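The values are calculated or read from the model by the stated rules, or taken from the named source; none is laboratory data. Keep in mind that this is a model prediction, so the values were computed, not measured. Positions of Cβ are generated from backbone atoms using ideal geometry, with glycine treated the same way; all protein chains shown enter the neighbour counts. The protein model used for the area step is the full one, side chains on, heavy atoms only, and it has no ligands, DNA or RNA in it. Shrake-Rupley method; radii C 1.70, N 1.55, O 1.52, S 1.80 Å.
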Amino acid sequence: MNPNRKRLAFFGGLGISGLFGYLAFRGLQPEQMLQSLNRIQLDYALAGMLVYALAMLVIALRWQFLLRAVKLVPLGALLQLVAIGYMGNNVYPLRAGDGLRIVLLRRNHQVPLVRATTIVVLERAFDGCVMIAFVLISLLFIDLQSSEVATIVRLAAPAFAAAMLLALFLAAKPGLLRAVVARLAKLLPGRMGIGLRQLSDDVSAGLESLRNPLHFLGAVASSFATWSIEAGVYWVAMLAFSMRLDNAYAVSLLICGAVNLAGVVPASPGQVGVNEFVTVAILTALGVPAALAGVYAIAAHITIWLPGVLGGLFFLLRQGLSWSDIGRAGEMEGGN
């Protein structure tokens with residue numbers, strides 16, 4: 001990516017995070033937030049971090065299901081790459097962690113770059129569809145009138161649904177994809193035509209897991225499982241603040257779904273600001289005092305952010321990589 005565009009994306013993301021952070025915490029008095037912070041029970045916060053570590057293990061299992069048709073990679077190795085990827089996304093702009101785990105998957109396990117990239121994009125489509133389901137399911141149990149949640153679903157649902165439908169269609173019709181690409185390749189110079197054919201073959205191979213019922217069902221089940229566990233982190237964080245809400249786990253599903261759907265907003269690393277804004281908007285709409293909602297949003301975000309960053313940094317060093325390698329992966333990801 002051009003350095004100027006990279007800087008623009010970085011500072012633009014910081015500006016977006018700053019704006020949403022202001023919207024989340026405007027009007028709150030520091031002393032009110034400190035009083036709410038005194039309510040936290042740290043043992044629950046620690047439990048939430050352990051729950052999140054379990055979610056990372058299940059997301060590695062989901063990645064294994066999607067990769068099986070390309071190559072069977074041990075679950076422990078994938079868990080390390082998942083942690084590194086989450087760390088990169090949380091501390092570096094432009095979702096550098098996704099690029100880094102793609103690069104490591106190629107370096108460590110010889111999975112071709114385009115096939116690995118196709119599977120990572122497919123993961124995002126699965127995630128988006130699960131988040132939409134979480135929001136819709138939770139609203140069956142919660143009487144919530146929130147323009148913020150409605151806007152998030154209205155903007156994100158068509159994009160993720162279209163991406164998943166396209167992936168399923170291309171997986172079901174590999175011959176059609178090859179035929180279309182073959183016609184296009186004839187219009188291009190020799191090397192470009194050959195490159196386009198190879199690209200389509202790699203994309204088709206990356207979608208192979210969708211053609212295997214066992215792999216597909218495993219990916220669907222593990223997608224719902226991992227995000228249900230992550231929603232449990234938000235529920236445990238509620239216990240940490242002794243928050244007593246009706247249908248508390250449904251509220252946790254809603255927060256988890258809405259926060260992650262809002263992740264499409266190009267904010268700073270870790271979605272700082274956007275995450276807090278969405279969480280505060282939901283809780284205050286349910287009658288939670290603004291100061292308590294604000295402190296809860298920060299604490300829940302840290303509970304999810306910290307184990308991924310620490311675990312990812314540990315595994316990054318074990319891989320023999322440096323901090324600058326994350327930046328180079330970010331350039332690759334931003335340039336795709």
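Find the centroid of the Cα atoms in the range 191-218 and in the range 112-143, then give the distance between the two in whole Å.
Measuring centre to centre over Cα atoms gives 20 Å.
Can you work out the accessible area per residue across the chain, with the rest of the protein chains kept in place, probe 1.4 Å, in square angstrom? Could the numbers behind the result be given before it?
Values: 15660 Å² over 336 residues.
Roughly 47 Å² per residue, with all protein chains present.
In Å and on Cα atoms, what radius of gyration and Dmax does the chain show?
20.7, 69
In the chain, what percent of the accessible surface is made up of carbon and sulfur (1.4 Å probe, ligands and nucleic acids excluded)? Each step should come with its number before you reach the end.
On the way: 10460 of 15660 Å².
C and S fraction of accessible area: 67 percent.
Between residue 108 and residue 29, what is the label-point separation in nm under the 7 Å Cα-to-beta-carbon projection?
5.1 nm
What figure in square angstrom, to the nearest 10, would you give for the accessible area of residue 315 with a 1.4 Å probe?
Solvent-accessible area, nearest 10 Å²: 40 Å².
With a Förster radius of 35 Å, plug the Cβ-Cβ distance of residue 46 and residue 220 into 1/(1 + (r/R0)^6) and report the FRET value to the nearest 0.05. Kindly include the intermediate steps, with their values, before the conclusion.
Values: r = 31 Å, r/R0 = 0.89.
Result of the calculation: an efficiency of 0.65.
Considering the convex hull of the alpha carbon atoms of the range 66-184, report its projected area averaged over all viewing directions, in nm², one decimal. Write out the running numbers ahead of the final one.
Values: hull surface 40.9 nm².
Convex hull of Cα atoms, orientation-averaged projection: 10.2 nm².
When N is the residue count of the range 160-276, what does its C-alpha Rg come to as a fraction of 2.2 N^0.38 Å?
On the way: Rg = 20.9 Å, N = 117, 2.2 N^0.38 = 13.4 Å.
Ratio of Rg to 2.2 N^0.38 Å for the range 160-276: 1.55.
Under a crude label model (7 Å from the Cα following the beta-carbon direction), how far is residue 54 from residue 151 in nanometres?
In this crude spin-label approximation the distance works out to 3.6 nm.
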